[in-house]
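Each remark here refers to the structure printed beneath this line.
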Amino acid sequence: MRTIIGILTILFVSSLAAQPLTVGVHVPDPTNTSTISQTLAPVSYVNLTDFATAAGTVNKASVYWSRACTAAFKVVFLRTGFTTNSSFTVVATRGPFNSVDGRNDVTLIPPVTLVAGDLIGVVQLQPFNTCGSVRTMDYGGNVGYNLITTGDISTAGALGSPSNYSPRYRFSAVAYVSDPLLVRILPAAGAVQGASSFFRTAVQIQNAGGTTMTGSFVFHKQGQSASAGDPSLPFILVPDQIQSYPDLIASMGTSGLGSVDIVTNGGAMPIVTARVFSDGGAAGTSGFSEEGLSPSDAINFFRHGALFTPDDPVNFRMNIGVRTLDNGATLNITLVDAAGNVQATRSVTYPANYFEQDSFATFTGTPTIPTGGQIIVSVAAFPGTAFIYSSVIDNRTNDSTYRLADIK
């Protein structure tokens, strides 16, 4: 077993310094299937939300399907334009591919060259009642946006009739260039000795899909960009399995403050939850919970975030954490008091795949916390992305709260 774990560690750590190009996404719970018609075929599905993150080449794809079948689906790559809303430019088509019930990992031959903003689609080639369909997930609200159209969109990029633009759903298909893929992030994590207690990070992870998932936790320490030598811990999860780690960072044989990436082969998407807490031994624990976030949840040039300052700055202090992704980020920071008056502004540039947690004074450049105010944070330029969070701590008990900078 030690030999297997050692091999897995080498495989996963080797490509962690920069995450590869992706288009599309796997969903955490790929249980639903489209039933647009029991007998209709072909039917095409296009993900309009999770577009290509950068220019580059993809040579792998992974698609969750609902039934074993021969020549079940094709993968198509599309480009949008502003001249018409009834068609797309077809970049490339690969397949047909046979399917199994579950995750289907296929090789794209030849590889496909994309530009930022390109889209992925899946063409169901046979009727649903005999061959199944791509699996989906209902996210609720308006998260996710897909096109479903009759016919084979890969032949000319044209929409069939009927066609439907569908909010709330994402279908489970992703194309990429190499394993593993970054699928979840815990912006705040650590194993740190405090004045009278030890701060730990307890994590639970579940594979809600129908296929075995292999992946790794990777810890990025404060004050430095991610590198291939960062501490990691591999995992293997069979379908529906949950694993618990009472002290994840210590399990990696390291300590300190930082953030945690969850990477998987094939882009399989686990459900991840964590609790960062002060372990007071017999006195109990205090801390906060956070969920594992998708990279697409980071704020960017098109979406800013807000952090509230404590309404009792005498008894509460405030720290702010920043975790960037591949492109780094320049943050515009605006401090506003309770009446909406601007108290201070500053701009800070952070490198790629970098984590830092600072005091309120360091982050804002202002020593005094305004009572019941807010910090407004925006990303200065595309394609920068970052997670920003606050930790507000009770000076008397060291109990803390966690807020992610976002406006939803």
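Comparing Thr214, Thr149, Thr371 in a Gaussian network model of the chain (Cα springs below 10 Å), the most mobile by mean-square fluctuation is Thr371.
Using the per-residue mean of other Cβ atoms lying within 10 Å as a proxy for protection, in what order, highest first, do the peptides 391-397, 318-324 fall?
Numbers: 391-397: 15.3, 318-324: 23.0.
Going by the mean number of other Cβ atoms within 10 Å, highest first, we get 318-324, 391-397.
Where a ≥ b ≥ c are the square roots of the eigenvalues of the C-alpha gyration tensor, would you call region 21-176 rounded, which needs a/c under 1.5, or, failing that, prolate if a/b is larger than b/c, or oblate? The shape class here is rounded. Springs between Cα atoms under 10 Å define the GNM used for the chain, and in it the highest mean-square fluctuation of Gly215, Gly140, Gly365 occurs at Gly140. Distant-in-sequence amide contacts of Ser133, defined by a placed amide H-H separation under 5 Å and a gap of 5 or more residues or a different chain, comprise Ser66, Arg67.
Seen against the Cα atoms of the chain and their longest principal axis, helix 2-13 is set at about 90 degrees.
For P(r) over Cα pairs in 10 Å bins from 0, in percent, the value calculated from this model appears in (i) 5, 22, 32, 25, 12, 4, 0; (ii) 5, 23, 34, 28, 9, 1; (iii) 5, 21, 29, 24, 14, 6, 1 under label (iii).
Computed from label points 7 Å out along Cα-Cβ, the spacing between Ser178 and Ala156 is 4.1 nm. Highest mobility in the GNM of the chain, judged by mean-square fluctuation with C-alpha springs under 10 Å and restricted to Ala175, Ala191, Ala381, is found for Ala381. In this structure the amide hydrogen of Ala71, modeled in the peptide plane, comes within under 5 Å of the amide hydrogens of Asn98, Ser99, none closer than 5 places in sequence on its chain. Take the Cα of Ile242, step 7 Å toward its Cβ, do the same at Thr397, and the gap between the two points is 2.6 nm. Here, region 181-295 is characterised by an Rg to Rh ratio of 0.98, where Rg is the alpha-carbon radius of gyration and Rh the Kirkwood radius.
Where a number appears in this text, it was derived from the coordinates with a stated rule and is not lab data. As the structure is a prediction and not an experimental result, all values here were calculated from the model. Please note: Cβ atoms are built from the backbone with ideal geometry, for glycine as well, and neighbour counts cover all protein chains shown.
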